[in-house]
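Here's the structure, in structure tokens; my notes come after.
The values are calculated or read from the model by the stated rules, or taken from the named source; none is laboratory data. Bear in mind the structure is a predicted one, so any value in this text is a computation, not a measurement. With ideal geometry, Cβ positions are generated from the backbone for all residues, glycine too; neighbour counts draw on all protein chains shown. Calculation scope for accessible area: heavy atoms of the full protein, side chains included, ligands and nucleic acids excluded. Shrake-Rupley method; radii C 1.70, N 1.55, O 1.52, S 1.80 Å.
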Amino acid sequence: MVQIPSVQQVHNQTITLQDVWKAKSTISAIIHKTPLIYSKALSEKAGAEIYLKYEHIHDSGAFKMRGAVNAIYQLTEEQKKHGVTTFSTGNHGFAVALAAKKLGIRAVICVSKHVPQAKFEKIKGLGAELEIYGDGQDDAEQRCYELQKEQGLTLIPPFDHPSVISGQGTIALEILEDLPSVHSVIGGLSGGGLLSGVGLVMKNTNPSIQVFGVSMEKGAAMYESLKAGKPVVVSEHETLADSLLGGIGDENKYTFSMVNQYVDQSVLVNEETIKKGMAYLYKEHKIVVEGAAAVGIGAIIDNIISLKENTKNVVIISGNNVDLTSHLNAIKAYI
């Protein structure tokens, strides 16, 4: 567990709360507000009110659509002519592919060989070009820079980009609209784009609102980087939470410092805990989600995150891009 010092004063010179409000306006033509659902059974177990933010219902199947749309809408006409590229464990790739398709822009998505086959097929089904390159996200990222240099494509990073972070932050604006007395927000922590944006909004609204980040036990790059006090490289391992794989970049410009500033606590969960979270959401809410979307639920079920009594807490259900056979195998012991 990484306990991050409380934020005493919130300020950021690069990305502001106003940027998130601008993003909300920018993406409104494509991105629709997602529901905030009360979870009765989980609330009773936790002794606190638990609400689920249904980010898995976007057209792309994940919250990443917000940041991708916001970033692509900032492109110049010349950049649109050349097209875009990105590296992704899946969900950001889906989002960029779909957003590019809606605008008639070429998209090349680079992924490592560890990304599940089901995600390969979905990316290609959205009309994007797919390149499978290397053993991890760092390799796929390097290929994007080559494409940028060789073909003039504009790189839309999956997390470490102001427009992407601002787009993800619109989730927090919606949470505050529906639950203005929220006490904490829990979400998956990988590259940090999600919780940088959400944390920026929450801490600028009320510094006492807690933000929790949850990662899988092996290959948690941001968690290990926070421990080390600088970006570090970690090995990737097979996990149900494959959307949380990937490094944060040696030259991380935004999310490392923002997560360090805005996230109060970062925790790890094992594969069984992830399975319990997936099974709970299927059994109690009748939804099928990927492992990365269930880490927060699992952390509550197994008391890895302790919530104060009678508080109001939101868990971000980040995506549903999972192979159904893998989902069944994951949940069958717990339903």
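When peptides 29-38, 243-252, 92-101, 277-286 are ranked by their average number of other Cβ atoms within 10 Å per residue, the highest-first order is 92-101, 243-252, 277-286, 29-38. Calculated [222 nm] ellipticity per residue, helices only, for the chain: -13500 deg cm²/dmol; basis is -39500 (n - 2.57) per DSSP H run with n ≥ 4, divided by all residues, nearest 500. For the chain, the share of DSSP beta bridges that are antiparallel, to the nearest 5, is 15%.
Net charge within 13 Å of residue 82 by Cβ-Cβ distance, Lys/Arg positive one each and Asp/Glu negative one each, not counting residue 82 itself? Here the count lands on +1.
Using a probe of 1.4 angstrom, how much of the accessible area of the chain is carbon and sulfur, in percent? Answer for the chain: carbon and sulfur cover 47 percent of the accessible area. Per residue, the accessible area of the chain comes to 41 Å², computed with a 1.4 Å probe over protein heavy atoms only. Phi-derived couplings, Karplus 6.51 cos²θ - 1.76 cosθ + 1.60 at θ = phi - 60°, listed residue by residue for the range 31-42: 9, 9, 4, 9, x, 10, 10, 6, 10, 5, 5, 5 Hz, with x used for Gly and Pro. Largest GNM mean-square fluctuation across 67, 199, 83, computed for the chain with C-alpha springs under 10 Å, falls on 83.
Here the peptides 190-198, 301-309, 208-216 are ranked by packing, the mean other Cβ count within 10 Å, and the order with the highest first is 190-198, 208-216, 301-309. Here the chain is treated with +1 on each Lys and Arg Cβ and -1 on each Asp and Glu Cβ, and its dipole about the Cα centre works out to around 740 debye.
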